[in-house]
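What follows is a single structure, written as structure tokens, with notes after it.
The values are calculated or read from the model by the stated rules, or taken from the named source; none is laboratory data. All of these numbers come straight from a predicted model, not from anything done at the bench. All Cβ positions, even for glycine, are placed from backbone atoms using ideal geometry, and neighbour counts span all protein chains on display. Just so you know, the surface numbers come from the protein's heavy atoms only, side chains and all, with ligands and any DNA or RNA stripped out. Shrake-Rupley method; radii C 1.70, N 1.55, O 1.52, S 1.80 Å.
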Amino acid sequence: MTEQPLSILVAGASGFIGTPLVRALRDAGHHVSTLVRREPRTPTEFRWAPGERPLDPAVLDGADVVVNLAGANLGKLPWTDAYRREILHSRVDATTTLVDAMRAAPTPPRVFLSGSASGVYGDRPADVLDDDAPTGTGFLAEVCTAWEAAATAAPEGVRVVLLRTGIVVGQGGGALAPLVPLTKAGLGGRLGTGGQFWPWIALEDEVGAIVHLATADDVSGPVNLAGPEAAVADRLTKRVAVDLHRPYLFSVPETALRLVLRDAADEMLLSNQRMVPAKLTASGYTFRYTRAEDAVDAAF
């Protein structure tokens, strides 16, 4: 486990996960630079245009770790055909741009932490999914497979970690964002049967795990980022209602969800992914939140 301050470059630094991640890395004493799509405002910002032009390899000079969280928001619904293409290409283009710069750099970074998602497993109601479980089928599984393949093209000698992130529970975004206004309006309720396993993880643990993995020198390949205790969807949605002191009266049928959200309903809300964070736990990471209800409470 490396303990000295590292030079870390983050793509996707302004997002729901990226913003607190950059803060946590700096609080831990690391030197953090970020990639932005606008004119840089500080000496630690560098402009890039993934998929449009190459990234100057000099941006990676001295970087020990590159963290890649870039990609179009999955929560932007519905998924039109055009937006499905954006979901895919925003992830693959960003990752390929970073990998190409690594390949051209005189000294590539030692570590590449690249985003992925629980969707890589598809809908697996009968399976307990550890980090080495085979990939599944469906749109998000195809996206994640291409995304991960782009990351594993990193130069030889770079430790690549694929961050298979579950449903992130935190304040100001993530899984709770669409649930909160509905619940406040008194429309909170069960989604489908409510018995589908959601691979939840508290935002604080998502960030903590990424910081931990930056220096966990013996960890590589796919890593499940999910809470240590499995939970079905109904536990999370019901807890939102409890915390907001609102009724929990409704049940939204699967057919209604599919009618409104199309395939995003099956991919994001109705699929089962009982993920086990085996590698993360074995590497010594200690979760702040071990129960889904506590993670929801912390978001309010």
Practice problem: Could you pull out the longest piece of the chain with no exposed loop GluC sites (Glu not before Pro) in it, calling a site exposed if DSSP puts it outside H, G, I, E, B and it has at most 15 other Cβ atoms within 10 Å? | Solution: 53-155
Exercise. Highest first, please rank the peptides 60-68, 112-120, 257-265 by the mean number of other Cβ atoms sitting within 10 Å of their residues.
Key: 112-120, 60-68, 257-265
Quiz item: What full-extension length gain, to one decimal in nm, is calculated for Thr145 and Tyr83 as 0.36 nm per residue of separation minus the Cα-Cα distance?
Solution: 20.5 nm
Exercise. Give the span of the range 54-156's Cα atoms along each principal axis, as three whole-Å numbers ordered largest to smallest.
Key: 46, 32, 17
Exercise. Multiply the residue gap between Ala24 and Arg103 by 0.36 nm, knock off their C-alpha separation, and tell me the result in nm, one decimal place.
Key: 25.6 nm
Quiz item: What lysines sit close enough to Lys238 to cross-link, taking a C-alpha to C-alpha distance under 27 Å and skipping anything fewer than 8 places away on the same chain?
Solution: Lys76, Lys184
Quiz item: Taking θ as phi - 60°, what are the ³J(HN,Hα) couplings along the range 104-112 by the Karplus curve (6.51, -1.76, 1.60), each to the nearest whole Hz, with x for Gly and Pro?
Solution: 8, 6, x, 10, x, x, 7, 9, 10
Quiz item: Between Phe250 and Glu229, what length in nm is gained on full extension when 0.36 nm per residue of separation is reduced by their alpha carbon distance?
Solution: 5.0 nm
Quiz item: With every protein chain kept in the model, how would you rank Phe300, Phe197 by accessible area, 1.4 Å probe, largest at the top?
Solution: Phe300, Phe197
Practice problem: Using a 1.4 Å probe and ignoring any ligands, DNA or RNA, find the accessible area of Lys76 and quote it in Å² to the nearest 10. | Solution: 120
Practice problem: Quick one: grab Rg to one decimal and Dmax as a whole number for the range 150-243, Cα atoms only, in Å. | Solution: 16.5, 54
Exercise. Taking H placed 1.01 Å from N in the peptide plane, check which residues at least 5 places from Ser33 or on another chain put their amide H under 5 Å from its amide H.
Key: Ile8, Leu9, Val10
Exercise. Using a 1.4 Å probe and ignoring any ligands, DNA or RNA, find the accessible area of Thr255 and quote it in Å² to the nearest 10.
Key: 100
Practice problem: Would you tell me the accessible area of Trp198, worked out with a 1.4 angstrom probe on the heavy atoms of the protein chains, in Å² to the nearest 10? | Solution: 20
Self-check item: In order through the range 187-199: 3J(HN,Hα) via Karplus (6.51 cos²θ - 1.76 cosθ + 1.60), integer Hz, x for Gly, Pro
Solution: 10, x, x, 6, 9, x, 6, x, x, 6, 6, 9, x
Quiz item: Can you list the residues, at least 5 places off or on another chain, whose amide H is less than 5 Å from the amide H of Arg159, using H built in the peptide plane?
Solution: Val111, Phe112
